[in-house]
Amino acid sequence: MPKGGARLNSGPPPDPRALRRDGRKPDKDGWTTLPAGGRKGAVPPWPLAEYVRKADPAERESIAVRERSHWARVWLTPQAVVWEQLGWTHEVALYVRHLAMAELGDLKAASEARQWSDRLGLNPAALLRNHWRVSSDEVAPRRSSRAAGGAPSGVSMRDRLRAVNGGGD
């Protein structure tokens, strides 16, 4: 067992809003802001061969179905924008394969899936360690209130402006 020194993932995760972070060496690269709406575009093709380790054809088919479902889902996440830029399709595929196997009760695969989720930034602490943050859609509440009838119907723009200006012409 090593003694002393910092360990991977030791200490609190970085905080992008901290006041005294500007001068620290790890923060010179800055933070990557990911789109809240996730990655747009087609899902990349599945890069791995079919899983054949298990002899049971029903279990192999179950893993394949789960892989396809998870593969499509993870490429819609905000983190997928960075994965695509970095060409991490194989890394994401390994996470998806281990996740599919873990859902069928493979504890070793569950451990691997958890570790891959950390590497890929799929949990809040991993997002902070990677210096990634998801943008907030600040206009969403106003957009939804307007869609729900926030603006008075049947009232012209001129009448609304007149009310703001005190009604004078």
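We did not get these values from a lab; they are worked out from the coordinates using the rules stated. On a predicted model such as this, the values are computed, not experimentally measured, just so you know. Ideal geometry is used to build each Cβ from the backbone, glycine not excepted, and the neighbour counts take in all protein chains shown.
Counting only other residues whose beta carbon sits under 12 Å from that of A72, what net charge do I get with K and R as +1, D and E as -1? Once positives and negatives cancel, what remains is +3.
For T32, the residues 5 or more places off, or on other chains, whose built amide H falls under 5 Å of its own are W132, R133. Sequentially through the stretch 81-97, phi angles give Karplus couplings (6.51, -1.76, 1.60; θ = phi - 60°) of 4, 6, 4, 5, 4, 8, x, 8, 5, 5, 5, 5, 5, 5, 4, 4, 5 Hz, Gly and Pro residues having no value and appearing as x. Dimensions of the stretch 28-137 along the principal axes, based on C-alpha atoms and rounded to the nearest Å, stand at 50, 28, 23, largest first.
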